[in-house]
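*Asks:* Pasting a structure below so you can have a look.
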Amino acid sequence: MKVNSNDTNLTPQLISNSSAAKINKSPNNKEQLNNEMERLAKDIYHKDMLKEPEATYDKPMNIKTNNVVSTRETEEKALNNIRLATVNLYMPGGEVSNSVEKMFAQYDNIMAEIAAEQPSLANKDWGISISQSGELEVTGSINDKEKSLISEKLNDNGDFVVAAKEFKSSFLAHIDLGVRGWSSYDVNEDNFSKIFDLKEILDNSQGGTSFKQAWNKDFSWLELNDNISSQLSRNASKR
């Protein structure tokens, strides 16, 4: 999903364009409607009926369509889930953006420590993935000794490790609640490490001059969103 700074009404647009959020409450046909109304009529109790309480009441109407019960409450819950997912996946201040910004704040220090011991690693092809167990793993075409050095520096930084776990958990939690956009891709516990390279995300989350002037910080949620979209399109399959 491409997000730009002029999209001030992003959340409403995402929600209004999401046909998956609509729940059809209409019976399938006229016969089904008649049967439903007949059943409801039998379920209305009156005070003159034998052994019934004084109060008169009607049973709440829940119309079944394709074996799914749809009510106003379920519709509102579905829409709220979509709003929540939209904010936490794509927007500044959302859980995904916040978790990556925390990693970003530690990243320069980690890279400086690595460069101090192995300056050549800065220009080599390697990446960072997070395993199913939540451990940070070093990938790429470097030798085992180099991977061990990088892994040690990464995992010794507790704030970075916690933020990486938050990124994974928040992304997986909200992608299943959303519709379209990133939610169109099949991302789960099993394939997360194969889809996302955290180093690539961090290397491409630096804001440009205009962004820094507008937001007064280096980390750019716009660049982050662009890179996540790019990695999904390259590495993930559609649902």
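The values are calculated or read from the model by the stated rules, or taken from the named source; none is laboratory data. Because the structure is a prediction, the values reported are computed rather than measured. Reconstructed Cβ throughout: ideal geometry from the backbone, glycine too, with neighbour counts over all protein chains shown.
*Asks:* Restricting the search to segment 71-121, which residues are under 19 Å from GLY178 (Cα atoms), among the polar types (S, T, N, Q) and surrounded by 13 or more Cβ atoms within 10 Å (Cβ to Cβ)?
*Replies:* THR74, ASN81, THR86, ASN88, SER97, ASN98, SER99
*Asks:* Just the residues that are in contact with a Leu (Cβ under 8 Å, 6 or more places away or on another chain), in contact (Cβ under 8 Å) with a residue 60 or more places away in the chain and not in a helix (DSSP H, G or I), please, taken from segment 201-229.
*Replies:* Selection gives SER205 alone.
*Asks:* Among the helices (runs of 4 or more DSSP H) lying completely within segment 131-200, list those that include at least 1 residues that are modelled with pLDDT of 95 or more, in the same structural domain as SER230 (by TED's automatic domain parsing) and closer than 17 Å to ARG239 by Cβ.
*Replies:* Ranges flagged: 158-175, 192-195.
*Asks:* In this structure, is GLU113 among the acidic types (Asp, Glu), in contact with a Ser or Thr (Cβ under 7 Å, 6 or more places away or on another chain) and either outside any loop (DSSP other than H, G, I, E, B) or not assigned by TED's automatic domain parsing to the domain that holds SER170 (or both)?
*Replies:* No; evaluated as a whole, the condition is false for this residue.
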